[in-house]
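A short worksheet on the structure shown next.
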Amino acid sequence: MAAFELTRGARVGVAFAAFLGYAAGCSSGGGGQAPRDTSDGSVPDGAEGADAADAAASDVADAPTDAPADGPTSECVAKINAYRAKVSAPPVTSKDDEVSCALDQATKGAEDLADSGMTTFHRYFRQCSETFQNECWYSVSDPSAVIDWCLSAFWAEGPPDTGINHYSVMTDPKSTQVACALYAMPAGGYWMTNDYY
């Protein structure tokens, strides 16, 4: 689990975590680990450091969206697929029948944060029968900025040496669907839950 605090004119708090079914923690090994390298044995573009991650994030933020215009869910899926394409992982589709369940997880996570002042990720993991989960909250009012920042932060981790991380969850070629949900927190910002199937 990781938490970050950024400064860009104003103080902005960010936290995010990844989880794989049956794993004891965010970086624990488990079934379904995504591959570290591309098919030719090289490290995928954008996995070498923050500068490359920033460039990749910029490319993805500007990528055209082929998904229907149904708001943040489609935008999130399209941007996940733009990152997956960089490592030749097959695209995922939206698991529309689980988006409301992922939204419930995001809502509960945000409510727990508001009630306790502490971020507890994955408390509701497996509620939607997902295999993988990435979560993030970001205290800005623009859902597109939340999606961009969270996904670029997941990407910036790069492939793990062992176990799993946000990058490996987002790029796992075995995943075929994702339920993306953003909950607008009453105090401001959004909690994003990405459940992978």
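Restricting attention to segment 139-155 and to residues that are of a type in the set (S, T, N, Q) and within 21 Å of PRO186 (Cα to Cα), the residue that is modelled with the lowest pLDDT turns out to be SER139.
The condition (being touching a residue at least 40 places away in the same chain (Cβ under 8 Å) and not in a loop (DSSP other than H, G, I, E, B)) is satisfied by just one residue among SER152, SER175: SER152.
Within segment 87-111, residues that are open to solvent by 40 Å² or more (accessible area, probe 1.4 Å) sit with their Cβ atoms under 8 Å from residues that are at pLDDT 95 or above and among the basic types (Lys, Arg), at 6+ positions apart or across chains, in these pairs: PRO90/ARG84; PRO91/ARG84. Of all residues in segment 62-86, those that are modelled with pLDDT under 95, open to solvent by 40 Å² or more (accessible area, probe 1.4 Å) and small (Gly, Ala, Ser) total 1. Go through the residues of segment 175-196 one by one and say whether even a single one is under 14 Å from VAL77 (Cβ atoms) and of a type in the set (D, E, K, R). Yes, segment 175-196 contains a residue that is under 14 Å from VAL77 (Cβ atoms) and of a type in the set (D, E, K, R). Within segment 150-193, the residues that satisfy the criterion of being of a type in the set (A, V, I, L, M), under 21 Å from TYR138 (Cβ atoms) and crowded, with 23+ Cβ neighbours inside 10 Å are LEU151, VAL169, MET170, VAL178, ALA179, ALA181, LEU182, MET192.
The values are calculated or read from the model by the stated rules, or taken from the named source; none is laboratory data. Remember, predicted model here, so these are calculated numbers, not experimental data. We place every Cβ from the backbone using ideal geometry, glycine too, and count neighbours over all the protein chains shown. Quick note on the areas: whole protein, heavy atoms, side chains included, nothing else; ligands and nucleic acids left out. Shrake-Rupley method; radii C 1.70, N 1.55, O 1.52, S 1.80 Å.
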